[in-house]
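Student: Structure in structure tokens, see below.
Since every read-out is calculated from the coordinates, none of them should be taken as a lab result. What you see is a predicted model, and the numbers here were worked out from it, not measured in a lab. Here the Cβ positions follow ideal geometry from the backbone for every residue, glycine too, while neighbour counts run over all protein chains shown.
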Amino acid sequence: MAAHCENDPETEHIRQYTPTNEVLLAMTTLAIEATPSPVSVEPSQLALIVIDMQRDFLEPGGFGETLGNDVSLLVRAVKPIAQLLEAFRRQGLLVIHTREGHRPDLSDAPKAKVERGAPSKRIGDHGPMGRILVRGEPGHDIVPALAPIAGEPVIDKPGKGAFYATELGPILQHRGISTLIVCGVTTEVCVHTTVREANDRGYRCIVPSDATASYFPEFHEVALRMVAAQGGIFGWVSDSTRILRAFPAGGAR
Ligand code: C5J
């Protein structure tokens, strides 16, 4: 995990990021309906983590399609995520975006990952949206509908989990976050891996079923059941409607 160092430009945003909206201070405890039980959380301790809503996964010609997937299956998550983003931004709550990808020289891409399977193009190969899963390329960008705004940390992650080899842990610690709403794609890969990592680090994770998506609808369903089974073995499952209902005025403007 990357530690925060004083005067290090790469981690400066961790220290500088502060909530901007005084509404946050006026909000009372949120009671979020979820399975297997409701979750109560102080707004200042809640963060929305948007996992890998990148063109490489959602648009034709990117990493997802090179693996043989129907990328149109992921689009269903965009609107619910946009609604969650709007509510979090209006209340001044912490929003963090992640992007899966690698350095242009692929020095952070394990051989075992690059060589896996028989995709039509491999990580680092040139495609219609630039080099596949490489930072700085058009395919690596977050889809325009969910583009980060000023002040929202964007975590570049080389792995499936958002905590591995990133500054996510220090950012959450500095902000006193206890509870994460983890949305994005794909449910059973990067969302699940991040939820499992977060759970082991002591965070409570809520996964909104309609704000996550998979190339395999059956994996999506089972992945959500895994999270909430056994009394919530590593989290809770909710949906954007139930989460927004917990916000003042139902999250509406
Ligand atoms: C995958 C991800 N599926 N963001 N990445 O390779 O879930």
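Student: Using only Cα atoms, find the angle between the long axis of helix 78-91 and the longest principal axis of the chain, and express it within 0 to 90 degrees, rounded to the nearest 10.
Tutor: For helix 78-91, the angle is close to 40 degrees.
Student: State the extension gain, in nm to one decimal, for the chain segment bounded by Asp108 and Val154, taking 0.36 nm per residue of separation less the distance between their alpha-carbons.
Tutor: Stretched out fully, the Asp108 to Val154 stretch lengthens by 14.8 nm.
Student: If you don't mind, there's one more thing I want to ask. So which aspartates and glutamates pass the test for Lys157, namely a Cα distance under 18 Å, with those fewer than 8 places away in the same chain ruled out?
Tutor: Glu10, Glu12, Asp52, Asp56, Glu100, Asp105, Asp108, Glu137, Asp141, Glu167, Glu188, Glu197
Student: In nm, to one decimal, how far is the modelled label at Ala145 from the one at Arg116, with both set 7 Å along Cα→Cβ?
Tutor: 2.7 nm
Student: Classify the range 36-78: rounded, prolate or oblate, from the alpha-carbon gyration tensor (a ≥ b ≥ c, eigenvalue square roots; a/c under 1.5 rounded; otherwise prolate if a/b is larger than b/c)?
Tutor: Prolate shape, in that a/c is at least 1.5 and a/b is the bigger ratio.
Student: Within the chain, which is the longest segment containing none of the GluC sites (Glu not before Pro) that sit in a DSSP loop and have at most 12 other Cβ atoms within 10 Å?
Tutor: 116-253
Student: Please get the size of the charge dipole for the chain, origin at its Cα centre, with Cβ charges of +1 on Lys and Arg and -1 on Asp and Glu, quoted in debye to the nearest 20.
Tutor: The calculation lands at about 320 debye.
Student: Among Ser44, Ser178, which comes first, then next, by fewest other beta-carbon atoms within 10 Å?
Tutor: If I rank by nearby Cβ atoms, fewest first, I get Ser178, Ser44.
Student: Just for the chain, what percent of DSSP beta bridges are antiparallel, to the closest 5?
Tutor: 20 percent
Student: Determine the shape class of the range 124-253: with a ≥ b ≥ c the square roots of the Cα gyration tensor eigenvalues, call it rounded for a/c under 1.5, and otherwise prolate if a/b is greater than b/c, oblate otherwise.
Tutor: Taking the square roots of the gyration eigenvalues as a ≥ b ≥ c, the range 124-253 is rounded.
Student: Let me ask something additional. For Lys160, which lysines qualify as cross-link partners when the Cα separation must be under 22 Å and same-chain residues fewer than eight apart are set aside?
Tutor: Qualifying lysines at Cα under 22 Å: Lys111, Lys113, Lys121.
Student: Using a Förster distance of 25 Å, how high is the FRET efficiency between Arg89 and Phe219, based on the Cβ-Cβ distance and rounded to 0.05?
Tutor: 0.25
Student: Go ahead and collect, in residue order, the members of the range 207-222 whose backbone nitrogen is under 20 Å from a label point 7 Å along the Cα-Cβ direction of Glu33.
Tutor: Inside the label zone: 207-212.
Student: Would you pull out the residues with amide H under 5 Å of Thr212's amide H, same chain only if 5 or more places away, H placed 1.01 Å from N?
Tutor: Those qualifying (amide H under 5 Å, at least 5 residues apart or on another chain) are Gly184.
Student: Which of these, Phe216, Phe88, Phe163, has the largest mean-square fluctuation under a Gaussian network model of the chain (Cα springs below 10 Å)?
Tutor: In this elastic network of the chain, the residue with the biggest mean-square fluctuation among Phe216, Phe88, Phe163 is Phe216.
Student: At Ser40 and Thr241, where each label point lies 7 Å from the Cα along Cα→Cβ, what is the point-to-point distance in nanometres?
Tutor: About 2.6 nm, to one decimal.
Student: With every atom except the alpha carbons ignored, what do you get for Rg and Dmax of the chain, in angstroms?
Tutor: 17.5, 53
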